[in-house]
1. Check cross-link reach from Lys11 to the lysines: straight Cα distance under 25 Å, and skip same-chain residues fewer than eight apart.
2. Residues with beta-carbon under 13 Å from that of Ile111, excluding Ile111: net charge, scoring Lys, Arg +1 and Asp, Glu -1?
3. Using a Cα-Cα cut-off of under 23 Å, which lysines could be cross-linked to Lys96, ignoring same-chain neighbours fewer than 8 residues away?
4. By its C-alpha gyration tensor, with a ≥ b ≥ c as the square roots of the eigenvalues, how is segment 71-114 shaped: rounded for a/c under 1.5, else prolate for a/b larger than b/c, else oblate?
Amino acid sequence: MAKSRKNFFDKVGLNYALNNNLICLEYLNIAAMARYNGRMVQGAGRSMHRGMIEYKSALYGCHVSIISLWLPSTQKCSSCGNIAKKDISGRGRRCKCGLNTTRDVNAALNIRAL
């Protein structure tokens, strides 16, 4: 299992590094997550995945940026900048300015604007 996971992360990291100039990753506090979700979080290999992405990116000249855990990327409107607390169970985001998009696309637009 460990070898297949390493092999998978190696291939994914290589694919990301070869096909992108910039990779943005969210900082994750794995220790805090493990307190609430236990083995499910610890066994997921998140730190191995991030390490492989950083390693392959350095080899192939791709820049890796770590995004702050506290950046309100999903709550901030990428069009007008209005911050509205949203329930994370909902996938869509509709702002007062008229922008209607998914939470993930909105976050990506906010991160790209950094």
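Since every read-out is calculated from the coordinates, none of them should be taken as a lab result. None of the values given here were measured: they were computed from a predicted structure. Reconstructed Cβ throughout: ideal geometry from the backbone, glycine too, with neighbour counts over all protein chains shown.
1. Partners found: Lys3, Lys56.
2. +1
3. Straight-distance partners of Lys96: Lys76, Lys85, Lys86.
4. Here segment 71-114 falls in the rounded category.
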